[in-house]
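Please treat every number below as a calculation from the coordinates, not as lab data. Here the structure is a predicted model, which means the values were calculated and not measured. Neighbour counts are summed over all protein chains in view; Cβ atoms, including those assigned to glycine, are modelled from backbone coordinates with ideal geometry.
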Amino acid sequence: MSQKGGSYMGAKGSATKKHICEEAYKLFADNGYKNVTMKDICEKTGLSRGGLYRHYESTEQIFLEIVSQFTNNQKNLFDQKMKQGIPADVILEEMFAIYAREMTDSKNSLSLAIYEFYSNPEISKTDNAIKRQYENSKSMWIDFINYGIKNGDFKKADPEAVFDIIVFSYQGVRMYSKLMEIDNDIPDRIIAVIKKLLISEEN
């Protein structure tokens, strides 16, 4: 096969995997993890069984890639903006605008699926991917907060403690949004408190 042909097939395969993850995300958000099967994903994507298994061996593999992509996308966003020298308080406002929308968007929340996945005794515990994702997210936020402190955009604060507040507040609200209606003021109040920890009144 020519290099051009190989590049086309690679691009086509990447596009198919992206399509699978996008459609599977919707299924996991709607139904949780344990109620989604490879057959469901075939029907949702329009792929044959062979076409799906050519890219993924199981719902577990698909789910782990979706969770990994979420963290990687966030990290890339942080890295790009920090390399551009954008003030940390401006980046934070943009990230919190995204978080505020996501916290009350129960329809697109994976929180329940994540809980089901990692509380399932059949899932292998030898490679705890959720712990790894947590540590990656923690490293990303700590680097960003230190960037803001170094540049004078943030007050001196404990980056690890601020991260704990951010991640557990975010995931807690998203979990509850699957179980009950969440007042839109709740994310706003949480974000206001976190901003007070980081941003001085002069900014």
Fewest-first ranking of Ile91, Ile194, using other Cβ atoms within 10 Å as the exposure measure: Ile194, Ile91
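For Lys107 and Asn35, what does the FRET efficiency come to when R0 = 22 Å and r is the distance between their Cβ atoms, rounded to the nearest 0.05? Please list the in-between numbers first.
Values: r = 16 Å, r/R0 = 0.72.
Efficiency computed from Cβ-Cβ geometry: 0.90.
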Cα centroid separation, region 173-194 to region 16-37 (Å): 24 Å
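Take each of the peptides 30-36, 156-162, average the number of other beta-carbon atoms within 10 Å over its residues, and list them starting from the highest. Mind showing how you got there, number by number?
On the way: 30-36: 16.4, 156-162: 13.3.
In decreasing order of mean packing, 30-36, 156-162 become 30-36, 156-162.
Residue separation times 0.36 nm, minus the C-alpha to C-alpha distance between Leu197 and Leu77: what's the value? If you can, show how the numbers build up before the last one.
Details: separation 120, 0.36 × 120 = 43.20 nm, distance 2.24 nm.
Length difference between fully extended and current span is 41.0 nm.
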Angle in degrees between helix 88-103 and the longest Cα principal axis of the chain, rounded to the nearest 10: 50 degrees
Listed pairs Lys12/Lys138; Lys26/Lys83; Lys138/Lys196 exceeding 22 Å between Cα atoms: Lys12/Lys138; Lys26/Lys83
Max mean-square fluctuation residue, GNM over the chain, Cα-Cα springs under 10 Å, options Ser139, Ser109, Ser14: Ser14
Packing-based ranking, highest mean first, of 66-73, 43-50 given that Cβ atoms within 10 Å are counted: 66-73, 43-50
Label selected from [x] 147; [y] 104; [z] 116, the criterion being volume of the Cα convex hull per residue in Å³ as computed here: [x]
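What is the sum of charges around Tyr147, taking Lys and Arg as +1, Asp and Glu as -1, for the other residues whose C-beta is under 14 Å from the C-beta of Tyr147? Walk me through the numbers on the way to the answer.
Values: positive: Lys75, Lys81, Lys83, Lys150, Lys155, Lys156; negative: Asp79, Asp89, Asp143, Asp153.
That works out to +2.
Can you give me the relative contact order of region 58-198 as a percent, contacts being Cα pairs under 8 Å and 6 or more apart?
Working: 91 pairs, mean separation 50.6, N = 141.
Once normalised by length, the contact order is 36 percent.
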